[in-house]
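For reference, the structure is listed below as structure tokens.
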Amino acid sequence: MPFNIGHWIVTYELKQMGRYLDLLYIAIQDNQKHFYESIEQIARDMTTEEKEEFYQFHEDDFIEASRDFPRLLFSSFVVSWYSFTESHLINFCKGRNLEIALSIQDNEHYGKGIRRAYTFLDRAANYKIDNIHWQELKHIGKTRNRLVHENGRLTYSHVNNSPKNNVPVKALDQETVYLHVDSDLHRYLQAHNLIEFTGLFYYITPNFDYCKHLVDFGMEFFVKLYKDFSID
């Protein structure tokens with residue numbers, strides 16, 4: 001494939017995101033290690049009863065270090081990755097001056113962001129994004145929207161009042177509850193181990209492996225896109 005500055009930039013920036021992700025993961029691990037070591041150091045000479053009381057007092061700190069901070073940091077990475085991908089895909093279309101001719105009777109809405117780019121590639125360049133890639137992009141988009149607009153929380157009810165968007169799951173006490181999420185997205189989240197019950201709420205909890213998957217997927221997606229347009 002001949003040299004293309006756009007392809008070089010997107011590849012470089014995805015590799016950079018991968019390095020940033022590795023650094024983020026190390027920082028999370030270091031923070032947890034230092035926190036646990038400091039807690040153990042303080043509790044070293046305590047009696048068993050004192051330790052139990054001490055650990056209970058710091059329960060929220062344990063949860064913060066082990067669950068909340070990683071969830072917040074990896075969620076931010078997912079949002080940043082999606083914005084990066086959306087921006088580069090739109091710029092890819094702009095760089096090729098893709099246009100769709102309209103007639104006076106047309107009243108079409110071409111969507112926004114990635115969906116808009118998909119439509120313009122399809123109708124202006126006669127190019128369809130690989131269906132497996134497209135389905136993945138849609139799932140990531142839905143995941144990102146939940147993280148941005150609902151802080152990743154998946155609400156639920158004890159009554160199945162909307163079968164279309166309710167997925168039955170077993171709670172910790174084996175009671176069946178109904179997550180308010182479409183079944184397709186639920187399967188995707190489960191496949192990537194992204195659902196966690198905190199005791200009160202279900203959350204989408206991005207992790208290091210999923211974020212690495214996004215970097216690898218982004219590389220695969222854009223390499224194919226630029227290769228398919230290499231005649232430009």
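The values are calculated or read from the model by the stated rules, or taken from the named source; none is laboratory data. Remember, predicted model here, so these are calculated numbers, not experimental data. Note that each Cβ is placed from the backbone with ideal geometry, even for glycine, and that neighbours are counted across all protein chains shown. For accessibility, only protein heavy atoms count, side chains too; no ligands or nucleic acids. Shrake-Rupley method; radii C 1.70, N 1.55, O 1.52, S 1.80 Å.
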*asked:* Kirkwood Rh over alpha-carbon pairs of segment 103-220, then Stokes-Einstein at 20 °C and 1.002 mPa s: what D in µm² s⁻¹, rounded to an integer?
replied: 130 µm²/s
*Inter-label distance, nm, simple model (7 Å from Cα along the C-beta direction), Met219/Arg123*: 3.5 nm
_Let me cross-check Glu37: its accessible surface, 1.4 Å probe, with only protein heavy atoms counted, in Å² to the nearest 10?_
90 Å²
*Would you mind getting the accessible area per residue of segment 1-106, heavy atoms of the protein chains only, 1.4 Å probe, in Å²?*
68 Å²
*Translational diffusion coefficient (Stokes-Einstein; Kirkwood radius from C-alpha pairs) of segment 1-106 at 4 °C, 1.567 mPa s, in µm²/s*: 71 µm²/s
*Cβ-placed point charges (K, R +1; D, E -1), dipole of the chain about Cα centre in debye, nearest 20*: 1400 debye
*Which entries in Lys33/Lys138; Lys94/Lys142; Lys15/Lys170; Lys112/Lys170; Lys170/Lys224 show an alpha-carbon gap greater than 31 Å?*
Lys33/Lys138; Lys15/Lys170; Lys112/Lys170; Lys170/Lys224
*Using only protein heavy atoms and a 1.4 Å probe, report how much of Ile5 is accessible, in Å² to the nearest 10.*
100 Å²
*Under 5 Å between amide H atoms, partner at least 5 residues away or on a different chain: which partners does Thr205 have, H built in plane at 1.01 Å?*
Ile195, Glu196
*Kindly provide log₁₀ I(q)/I(0) values, in the same order as q = 0.16, 0.19 Å⁻¹, from the Debye equation applied to equal alpha-carbon scatterers of segment 40-153.*
-0.85, -1.03
*At 1.4 Å probe size, with no ligands or nucleic acids counted, give the accessible surface of Arg19 in Å², nearest ten.*
130 Å²
*Farthest positive-ward along the chain dipole, Cα basis, beta-carbon charges - from Ala124, His88, Thr11*: Ala124
*Which loop-located chymotrypsin sites (Phe, Trp or Tyr not before Pro) does segment 112-173 contain, where loop means any DSSP state but H, G, I, E or B and the Cβ has at most 16 other Cβ atoms within 10 Å?*
Tyr127
*Round to the nearest 10 and give me the degree value, 0 to 90, for the angle of helix 208-228's Cα axis relative to the longest principal axis of the chain.*
10 degrees
*Near Val79, within a Cβ-to-Cβ distance under 14 Å, what is the net charge of the other residues, with Lys and Arg +1 and Asp and Glu -1?*
+2
*How far apart, in nm, are two points set 7 Å out from the Cα along the Cα-to-Cβ line at Ile63 and at Arg44?*
3.0 nm
*Relative contact order, percent, of the chain when contacts are C-alpha pairs under 8 Å separated by at least 6 residues?*
25 percent
*Work through the residues other than Gly113 whose Cβ is under 12 Å from its Cβ and net out their charges, Lys, Arg +1 and Asp, Glu -1.*
+4
